[in-house]
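Encoded as structure tokens, the structure appears first; notes follow it.
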Amino acid sequence: MKPGKTISLLWGLRSFCASHGCLYCYFGTTAEHSVQMPTQRGVLSHLSPNDLTTEEVLSFAATLPDSPVGRVFLAGGEPLLWRPIIKLIEILKAGGLEVVVCTSGVALNRADLRDPLIELGVDAVSVSLDSADPVHNDQWRPPRRDGDGWEAVVCGISALIEARGPAPRPKVGIYSVITRQNLPDILAVPELAATLGCDYAVPQPIALDPGHHLAQTLSLTPEHVPALLRHFDELYAADLPLVLPERTYAGQVASAVTKPTDLVPGCFGGDTLYFIQPDGTVWDCPSGLKIAATAPERYRTIKDAAAGDLFPAPTGCGNDCALFSEDCVNMWPLTSFPVLAPTRPEAPRA
């Protein structure tokens, strides 16, 4: 990021996801919420009727260049299937911001969505794929349409890499949710990413509330830590041609699994990282624990607001936070995002 532009925004643009119905999505599932919608502030739902209008989203985006924000992660529900997405990216890139699109990958098979990402200079595209095994992936990330499963995601990744050609950007990577059911994918998915020609890979631990109906089936526990660390050791020893999270990340994941909560001195949440929900609400970070602990007088929104007023210049010191959890550990690769911080000038690919 540019000097003085050191804030990252994780921006959940829309509530509904027209791509997949992931069973452990942090928005919940449409099946659950069609019976009972959540009422707690900050709890997301794919069925929320409160998303900002297109005009409100684009108006706020136009204020970002005059703020300390330097990087925006566009997430979802699936952002590439929101019709104004290309216009939004155009505004952000014209304002000199780094843009990372977080997608299920299926929309990358469409040239009318894929090609503008390259033409507008999107900096990275992070694709969600949770297993190198198509059956396992599609069991937990079922597509909403037949034919939009694992094979379509991999084809979308390949199509983007081919269309990019020798250009250095957008970087292309895979994020995978790691549960007790797919620990070998800590290595297997990055191996797949390397085979496809990706630039980076990030295995991230699942983060479910203890009362979630899938917690006993999927959540990691201290008994899984030895195997988890062994697979991370195998990943770093494999010397794949990928940018990976720093080696300390494995220990952070293990710590989050071992301790339900812990103290993080100088946390970046609310200093160099913020989370925006589809209704425009701004939180210091995406942690459910942190959101629940936020006092009402600190509630903020991007609606009719300017980014320069919402996001002060970072202190660089952060804030001590006693609510470290699996939610938080997934933010470390976002804030550093090493694939966009090369140690030497980027060169076009051969």
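The values are calculated or read from the model by the stated rules, or taken from the named source; none is laboratory data. All figures in this text were calculated on a predicted structure; none of them were measured in a lab. In this analysis, Cβ positions are derived from the backbone assuming ideal geometry, glycine residues included, and neighbour counts consider all displayed protein chains. The area values use the complete protein model at the heavy-atom level, side chains included, leaving out ligands, DNA and RNA. Shrake-Rupley method; radii C 1.70, N 1.55, O 1.52, S 1.80 Å.
Entry note, region 172-269: relative contact order of 31 percent, from Cα contacts under 8 Å with a spacing of 6+ residues. Cα centroids of region 282-312 and region 101-126: 28 Å apart.
Each Cα pair under 8 Å and six or more residues apart adds its separation to the average, and for the chain the resulting relative contact order is 20 percent. Per residue, the convex hull spanned by the alpha carbons of the chain comes to 132 Å³.
Here is how the number arises for the chain: DSSP H runs of 4 or more residues each give -39500 (n - 2.57), the sum is divided by the residue count, and the result at 222 nm is -9000 deg cm²/dmol.
At a Cβ-Cβ separation cutoff of 4.7 angstrom, cysteine residues of the chain with no neighbouring cysteine are Cys17, Cys102, Cys155, Cys198, Cys285, Cys317, Cys328.
For Lys259, a cut-off of 15 angstrom between C-alpha atoms picks up these aspartates and glutamates, skipping any fewer than 8 places away in its own chain: Asp209, Glu223, Glu326, Asp327. Averaged over residues, the count of other Cβ atoms within 10 Å places the peptides 288-297, 108-117 in the sequence 108-117, 288-297, highest first. To make sure I understand the rule: partners must be lysines, Cα under 30 Å from the Cα of Lys93, and not fewer than 8 residues away in the same chain. Which ones qualify? Once the sequence-local lysines are set aside, what remains near Lys93 is Lys2, Lys5, Lys171, Lys303. Taking every protein chain into account, the accessible area of region 125-241 amounts to 41 square angstrom per residue (probe 1.4 Å). Solvent-accessible area of the chain (1.4 angstrom probe, protein heavy atoms only): carbon and sulfur portion equals 55 percent. Of the residues Ala167, Pro79, Leu129, the one whose Cα sits farthest towards the positive end of the charge dipole of region 37-196 is Pro79 (charges of +1 on Lys and Arg Cβ, -1 on Asp and Glu Cβ, taken about the Cα centre).
Between region 139-173 and region 1-71, the C-alpha centres lie 22 angstrom from each other. Summarising the amide proton neighbourhood of Val172: residues at separation of 5 or more, or on other chains, whose placed amide H is nearer than 5 Å comprise Val125, Asp199, Tyr200.
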